[in-house]
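Below you'll find the structure, written out as C-alpha cells, and then a few comments.
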Number of protein chains: 2
Amino acid sequence: MDVRALVFDVFGTVVDWRSGVAAEVTRLLGPGVDAGAFADAWRGHYLPSMDRVRRGKRPWTGLDGLHRASLDELLDEFGVPATPEDVRVELVHAWHRLDPWPDSVEGLQRLRSRFVVATLSNGNVSLLVDMARHGGLPWDTVLSAELFGHYKPDAEVYDGAARLLDVVPGQVLMVAAHLDDLAAARGRGMRTAYVHRPDEKGPGTAIAESDPAADVSVGSLVELAERLAC
Amino acid sequence: MDVRALVFDVFGTVVDWRSGVAAEVTRLLGPGVDAGAFADAWRGHYLPSMDRVRRGKRPWTGLDGLHRASLDELLDEFGVPATPEDVRVELVHAWHRLDPWPDSVEGLQRLRSRFVVATLSNGNVSLLVDMARHGGLPWDTVLSAELFGHYKPDAEVYDGAARLLDVVPGQVLMVAAHLDDLAAARGRGMRTAYVHRPDEKGPGTAIAESDPAADVSVGSLVELAERLAC
C-alpha cells in the first residue's frame, strides 16, 4: 500500500460515545432517566436525521443542530419536557466532551509519526476541535462533513478529503468501526481499516469482529500502528 | 475581550518564508541564481495572482497552483528555463517546509492552553498540514482560504472561520504581521493582534512597528501569550 494519510471516523471508532453521553445524561437529568436507553435513543436519531439532509428534505444542518432537534423530542419521550434551555445546551455539548477509547491517543501518536492523521467525521468542526482538546487527540487537522456540505456516506466527503490532503484516494486509509463507512470509502477508491469496538453500543450488542473486504482489521489503534510499522 | 479562538496568518507571521524559500532556491538552482531576489520576486507574484482569482479572472486555484504558475515565469526571467519538472515540483514544496520564527512554537503552545488556535491562511490545506508537521506547530485545526473558495482579504474567509469555530466574530482574535489582513478582519467584527516581524522581507525593508488600530501589538508570539495571560 502507498498510503500517505489516515482519516478516521470518530464516534465509536476513536471515542466512546455511549458511556460519555450516558454519564452526562445522569449528571444533568438525574437518576430518574435511564441514561443508557437515552444515549441509545439519541444515537438512534443520528442516521435518520442525517438522511433527511442527505435526501434534500432538510437544508444543511450541522451535527450539533441535528443533536439538538432530536434531544428536544427525546426529552418529551423520556418524560422530562421541562428541562431548561441551559441544560439542553450542555447536553448537546456532551458530544464535544467524549472520552477516547483507552488505546486511541497512543495509537494516533504512533500513526502520526509516519502518516498524516485527520478526522473524517460527520461531527461539525467545532465539535471535533473541542473533542480533540478534551481528549488529547493529536490530529494534524480536522476534516468534517461540514466542510463539504454532505454527510457520510455521500461520495463528496471521501472525495473532498483526498482533494484537501492533495493525494489520490488510493493513498488514503479510511479507519472506522462501521462496515458501511468503509464500504463507501472503498467505493471512492480509498484503502480501508476496520477497528473492532465490541463495546460501542453497550452490552449484548453483536458487532462484527472483522471486515473481510477491508485491507486490515484490528482490535485497537495501537494494533493498527503495529500493523503499519509505526 | 471575550476571546475564545485565535486564528493566525502564517506566511511571515508564524514562519519565515523568505529565508526558507531562498535556501531551497540555492540548494536546487545553484549559486548562479540570486536566491534572495528570487524569493522576493516569487512572493511579489503572490498578491497579483490571488487578485486574479478574487476578481473572477481565474477559476479557483489553490496556492500551490498559483506558486507553480509564477515559478514557471520566474525560472525564465532568472535565466534557468531548462529547470526540470522534478525540481519545479520540489521548489513549489519549499513553501510546505518553511521554518517557524524562533518564538512561534513556544508562543502557540502557551496560547493553546487557553484558546483554540488555528491557521487562517491563504495557503492550501495540504501545505499547512505539511508545514505544521515540519515545524511542530501545534494547531487545533487548519483553516484555509481553500475551504471557502476565497482568498483573504475576502470577507468569506473571516466569516467562514468564525462559523466553523461556532463563535461570533468578536470572539475571534486574528493574529497577523500584515496591516491589511488585520483591517479586513476588523471589518468583519474580529479582534486583532499585530505581530512585528522586522525580518520578514529581508534587510532594509521598513515594517510598521505596531498597528494603532489593533487591540494589541507585540514583538513575538511569546509576548502575545504573556499579554493574554497564557
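Is there a residue in the range B:182-193 that is charged (D, E, K, R), assigned by TED's automatic domain parsing to the domain that holds B:ASP103 and touching a Ser or Thr at 6+ places or on another chain (Cβ under 8 Å)? The answer is yes, given that some residue of the range B:182-193 is charged (D, E, K, R), assigned by TED's automatic domain parsing to the domain that holds B:ASP103 and touching a Ser or Thr at 6+ places or on another chain (Cβ under 8 Å). Within the range B:157-167, being at the interface with chain A (Cβ under 9 Å from one of its Cβ atoms) and either in contact with a helix residue (DSSP H, G or I) (Cβ under 7 Å, 6 or more places away or on another chain) or under 18 Å from B:ALA183 (Cβ atoms) (or both) holds for B:LEU164, B:LEU165, B:ASP166. In the range A:200-213, the residue that is surrounded by the fewest Cβ atoms within 10 Å (Cβ to Cβ) out of those that are touching a Lys or Arg at 6+ places or on another chain (Cβ under 8 Å) and on the phi < 0 side of the Ramachandran plot is A:ALA213. Filtering the range A:131-156 to residues that are of a type outside the set (Lys, Arg), away from chain B (no Cβ under 14 Å) and either buried (at least 21 other Cβ atoms within 10 Å of the Cβ) or touching a Leu at 6+ places or on another chain (Cβ under 6 Å) (or both) leaves only A:TYR151. Taken over the range A:148-165, the criterion of being in a loop (DSSP other than H, G, I, E, B) and either of a type in the set (Asp, Glu) or more than 17 Å from A:LEU6 (Cβ to Cβ) (or both) is satisfied by A:GLY149, A:HIS150, A:TYR151, A:PRO153, A:ASP154.
Among residues of the range A:152-172 that are farther than 16 Å from A:GLY187 by Cβ, those with a beta-carbon under 9 Å from a residue that is outside any helix (DSSP H, G or I) and among the acidic types (Asp, Glu) at least six positions away or on a different chain give the pairs A:GLN171/A:ASP2.
Here B:GLU226 fulfils each of the conditions (1) buried (at least 16 other Cβ atoms within 10 Å of the Cβ); (2) in a helix (DSSP H, G or I); (3) out of contact with any Gly (no Cβ under 8 Å at 6 or more places or on another chain) apart from (1).
Looking only at the range B:178-194, decide whether some residue is part of a helix (DSSP H, G or I), within 14 Å of chain A (Cβ to nearest Cβ) and either surrounded by fewer than 21 Cβ atoms within 10 Å (Cβ to Cβ) or among the polar types (S, T, N, Q) (or both). No, the range B:178-194 has no match at all. Report yes if some residue within the range A:121-128 is surrounded by 20 or more Cβ atoms within 10 Å (Cβ to Cβ) and without any contact (Cβ under 8 Å) to a residue 60 or more places away in the chain; otherwise report no. Checked the range A:121-128: at least one residue is surrounded by 20 or more Cβ atoms within 10 Å (Cβ to Cβ) and without any contact (Cβ under 8 Å) to a residue 60 or more places away in the chain. Look at A:SER104 and say whether it is away from every other protein chain (no Cβ under 14 Å), under 28 Å from B:ARG114 (Cβ atoms), among the hydroxyl-bearing types (Ser, Thr, Tyr) and surrounded by 21 or more Cβ atoms within 10 Å (Cβ to Cβ). Considered against the rule, which asks whether it is away from every other protein chain (no Cβ under 14 Å), under 28 Å from B:ARG114 (Cβ atoms), among the hydroxyl-bearing types (Ser, Thr, Tyr) and surrounded by 21 or more Cβ atoms within 10 Å (Cβ to Cβ), A:SER104 comes out as yes.
Collect the residues in the range A:50-71 that are among the acidic types (Asp, Glu) and in contact with a Ser or Thr (Cβ under 9 Å, 6 or more places away or on another chain), keeping them in residue-number order.
Correct list: A:ASP64 only.
The single condition among (1) assigned to a loop (DSSP other than H, G, I, E, B); (2) more than 17 Å from the chain's Cα centre (by Cα); (3) under 23 Å from A:TYR158 (Cα atoms) that A:PRO203 does not satisfy is (3). Can A:VAL125 be described as among the aliphatic types (A, V, I, L, M) and facing chain B (nearest Cβ under 9 Å)? It is true that A:VAL125 is among the aliphatic types (A, V, I, L, M) and facing chain B (nearest Cβ under 9 Å). Among the residues making up the range A:202-217, a single one is of a type in the set (Val, Ile, Thr) and in contact with a Phe, Trp or Tyr (Cβ under 8 Å, 6 or more places away or on another chain): A:VAL216.
The values are calculated or read from the model by the stated rules, or taken from the named source; none is laboratory data. As the structure is a computational prediction, the values presented were derived from the model and not from experiment. Cβ atoms come from the backbone with ideal geometry, glycine included; neighbour counts cover every protein chain shown.
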